[in-house]
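Peer 1: My structure is below; once you've seen it, I'll send some questions.
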Amino acid sequence: MAQQDGSFDYVIAGGGTAGCVLAGRLSADASVRVLLLEAGRPDRHPFIHVPAGFAKLTAGPYQWGFVSEPQEHCAGRRIPLAQGKVIGGGGSINAQVFTRGVAQDYDDWADVHGCEGWSAKEVRRYFVRSERNERLSGPLHGTEGPLSVSDLVNPHPLSKAFVRAGQEFGLPYNSDFNGAEQYGVGLYQTTTRHSRRCSAAVGYLRPARGRENLVVKTGALVRRVVTDHGRATGIETVEGGTTRRYTARREVIVAAGAFGSPKILQLSGIGDPADLKQAGIEVVHALPGVGKNLQDHCDLDIVYELTSYQSMDRYERPLPATAAAAVQYAAFRRGPMASTVVEAGGFAYGNEQEPTPDLQFHFLPAAGVEAGIAAVRRGYGCTLNSYFLRPRSRGTVRVAGPDPSRAPLIDPNYLADDHDLEMSVEGVRQSREIMGQPSMAPHIKAEHLAGGRPVRTKDDYIAFVRGHGRTAYHPVGTCAMGVSDASVVSPRLRVHGLRGLRVVDSSVMPRIVSSNTQAPTVMIAEYGSDMIVEDAR
Ligand SMILES: Cc1cc2nc3c(=O)[nH]c(=O)nc-3n(C[C@H](O)[C@H](O)[C@H](O)COP(=O)(O)OP(=O)(O)OC[C@H]3O[C@@H](n4cnc5c(N)ncnc54)[C@H](O)[C@@H]3O)c2cc1C
């Protein structure tokens with residue numbers, strides 16, 4: 001029997017990027033009570049807040065440890081899928097790269113997927129409202145928002161060399177990937193404030209923590225949404241072995257990310273009857289689109305061995321230089337620890353006929369930074385990764401059974417579509433060309449690709465891509481917004497056919513954006529919070 005643990009106006013399931021934005025915005029009205037429930041821990045660990053700590057976060061206790069189902073089109077591999085399990089969610093463990101995608105992404109949501117109100121022109125004000133950019137202003141940028149955005153304090157010389165190499169390859173220099181033109185190469189802006197991570201937990205939740213009308217619970221695993229005659233009335237959690245129940249007088253908002261949100265709906269009996277039957281869960285509300293339409297960017301890394309001892313991974317070891325870097329950071333908020341490691345990159349065309357870039361690159365002046373990516377001798381490595389921005393493959397998330405502690409069955413179905421494969425090959429090919437340019441070539445001693453096997457022919461490239469593709473950590477789309485039978489929420493983010501229930505997070509994107517996904521998720525939650533307030537009037 002569940003313990004009754006209080007009554008709130010809004011109960012938010014998932015304290016990640018979107019959940020923190022929602023909790024911050026909704027609790028600004030002192031007359032409503034808001035509860036934020038997060039399965040993971042608080043975000044206190046210093047590795048979360050020191051930008052270079054990213055290198056420690058793709059494995060370990062602040063992520064869920066998900067692994068995909070065997071990938072049919074990726075040599076049958078089970079691919080690790082790190083996702084944040086901590087206050088701030090992905091925003092507390094991510095690389096902080098700040099990109100928004102292109103106008104066509106949002107116009108496509110509106111025009112192709114029937115998401116009225118979500119065209120680029122209409123969502124722009126939420127991007128601007130969220131942003132506090134230290135360098136850029138004007139109609140496309142905000143300077144007063146909760147999400148701080150900064151330039152790198154001291155970009156590594158290798159990152160600068162990469163940017164020059166990109167220009168030698170033929171890409172234009174771009175000082176603002178979120179401006180009028182995405183195409184080009186440059187240094188990324190990151191979501192940092194005074195050389196510390198600015199996640200949604202820092203930017204939105206922290207200033208709200210003192211409010212008496214906001215309760216934040218960590219270690220609270222949401223088991224299900226409680227429904228009564230077609231209306232969501234509350235949430236049931238498991239907390240330290242105890243089942244608890246919270247009432248939502250106005251709304252339940254599910255914000256558990258692209259893997260967590262469909263799982264919570266399915267555990268609540270909301271989903272495709274076939275999936276629910278297989279998991280032994282009774283159907284409460286048939287909604288076939290739940291957990292379908294999974295999209296992610298399939299990332300390909302090339303690791304390079306350098307001719308000299310200079311890369312950032314040398315600070316992995318307890319050397320005097322590491323101690324000096326720590327002191328430099330503590331005293332001046334500068335130096336290698338102030339870097340998110342993913343410093344440079346850009347956007348290019350795999351297919352010149354596309355209206356906007358369809359490839360993205362990330363350059364790291366270090367190797368072995370993320371879990372599962374090859375390392376070389378410490379101090380002698382760098383990494384370039386690439387992915388196709390608008391994949392056509394679609395995957396699924398299915399609840400494994402009624403036990404909420406079980407991981408969902410996640411099948412990203414990477415590279416099922418041949419076009420995705422072809423563009424991924426093109427991304428790797430272009431990566432190698434960039435790294436061969438005069439500004440980069442003298443730094444490179446050896447290329448580490450495909451476990452040392454030569455990659456020359458088309459078949460070699462295909463084998464490399466299928467054998468090494470991995471998540472770019474951008475899963476979206478599993479509770480897609482839209483008006484078709486395949487969609488899960490309406491353009492007002494309400495779950496079709498139920499009252500008092502919304503999904504507000506990255507899972508509602510009907511189609512993945514042509515960039516990293518944090519800023520677009522913050523925009524969705526900003527917009528969603530306005531919708532919730534307006535609809536309550
Ligand atoms: C390693 C990594 C690197 C990334 N790098 C970048 C980057 O550089 N730039 C960028 O723009 N984007 C990046 N991203 C992506 C970005 O962080 C995500 O798109 C964004 O955080 C998604 O927000 P969300 O609110 O939808 O989900 P999340 O932020 O994942 O939040 C969901 C939250 O719900 C919680 N939850 C899930 N299930 C339950 C449950 N049953 N009960 C209670 N709580 C639950 C989770 O623990 C989590 O805290 C990265 C992501 C990762 C993981």
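Peer 1: Binned at 10 Å from 0, what are the whole-percent values of the Cα-Cα distance distribution for the range 14-74, short to long?
Peer 2: 17, 34, 28, 17, 3, 0
Peer 1: While we're here: Give a quick list of GluC sites (Glu not before Pro) in the range 217-315 that DSSP marks as loop, anything other than H, G, I, E or B, with at most 15 other Cβ atoms within 10 Å.
Peer 2: Glu282
Peer 1: Quick one: which of 464-475, 152-163 comes out on top by average Cβ neighbours within 10 Å, and what's the full order, highest first?
Peer 2: 464-475, 152-163
Peer 1: Same structure again: In whole Å, what three semi-axes, largest first, describe the equivalent ellipsoid of the range 384-537 built from its Cα gyration tensor (square root of 5 times each eigenvalue)?
Peer 2: Square roots of five times the eigenvalues give 39, 19, 13 Å.
Peer 1: Report the antiparallel proportion of the DSSP beta bridges in the range 1-108 as a percent, rounded to a multiple of 5.
Peer 2: Taking every DSSP beta bridge within the range 1-108, about 45 percent pair in antiparallel fashion.
Peer 1: So, one more: What does the C-alpha gyration tensor say about the overall shape of the range 140-198? Classify as rounded when a/c is under 1.5, otherwise prolate if a/b is larger than b/c, or oblate. Kindly include the intermediate steps, with their values, before the conclusion.
Peer 2: Numbers: a/c = 4.33, a/b = 1.49, b/c = 2.91.
Judged from the Cα gyration tensor, the range 140-198 comes out oblate (a/c at least 1.5, b/c at or above a/b).
Peer 1: Something else now. Using only Cα atoms, find the angle between the long axis of helix 320-332 and the longest principal axis of the chain, and express it within 0 to 90 degrees, rounded to the nearest 10.
Peer 2: 60
Peer 1: Show that you can apply the helix-only estimate: for the chain, add -39,500 (n - 2.57) for every DSSP H stretch of four or more residues, divide by all residues, and state [θ] at 222 nm to the nearest 500.
Peer 2: Per the formula, -7500 deg cm²/dmol.
Peer 1: Angle, helix 17-26 long axis vs. longest principal axis of the chain, Cα atoms, 0 to 90°, nearest 10?
Peer 2: Around 50 degrees separate the two axes.
Peer 1: Note the angle between two axes, namely the Cα long axis of helix 120-130 and the longest principal axis of the Cα atoms of the chain, as a number of degrees from 0 to 90, rounded to the nearest 10.
Peer 2: It works out to around 90 degrees.
Peer 1: Find the lysine pairs in the chain meeting two conditions, Cα atoms under 25 Å apart and a separation of 8 or more places or different chains, and report how many there are.
Peer 2: Here the count comes out as 12.
Peer 1: Once you have a ≥ b ≥ c as the square roots of the Cα gyration tensor eigenvalues for the range 87-169, tell me rounded if a/c is under 1.5, and otherwise prolate or oblate according to whether a/b is larger than b/c. Don't jump to the answer; show the numbers that get you there.
Peer 2: Values: a/c = 1.96, a/b = 1.52, b/c = 1.29.
Cα axes put the range 87-169 in the prolate bin.
Peer 1: Could you tell me, in Å, what Rg and Dmax come out for the Cα atoms of the chain?
Peer 2: 22.3, 69
Peer 1: In Å, what Rg and Dmax follow from the Cα atoms of the range 1-120?
Peer 2: When restricted to the Cα atoms of the range 1-120, Rg and Dmax are 18.4, 55 Å.
Peer 1: Arranged from highest to lowest average of other beta-carbon atoms within 10 Å per residue, in what order do the peptides 99-109, 340-350, 366-376 appear?
Peer 2: Working: 99-109: 21.7, 340-350: 24.2, 366-376: 19.9.
Ranking the peptides 99-109, 340-350, 366-376 by packing returns 340-350, 99-109, 366-376.
Peer 1: Can you list residues from other chains, or at least 5 along the same chain, whose modelled amide H is less than 5 Å from the amide H of Thr307?
Peer 2: Ile444, Lys445
Peer 1: Ranked from highest to lowest mean number of other Cβ atoms within 10 Å per residue, what is the order of the peptides 292-298, 397-403?
Peer 2: Final packing ranking: 292-298, 397-403.
Peer 1: State, to one decimal in nm², a quarter of the convex hull surface area for the C-alpha atoms of the range 132-231, i.e. the direction-averaged projected area. Could the numbers behind the result be given before it?
Peer 2: Numbers: hull surface 46.4 nm².
Convex hull of Cα atoms, orientation-averaged projection: 11.6 nm².
Every number in this text was worked out from the coordinates using simple rules, so none of it is lab data. This structure is a prediction, so every number in the text was calculated from the model and none was measured. No Cβ is skipped: glycine too gets one built from the backbone with ideal geometry, and neighbour counts run over all protein chains shown.
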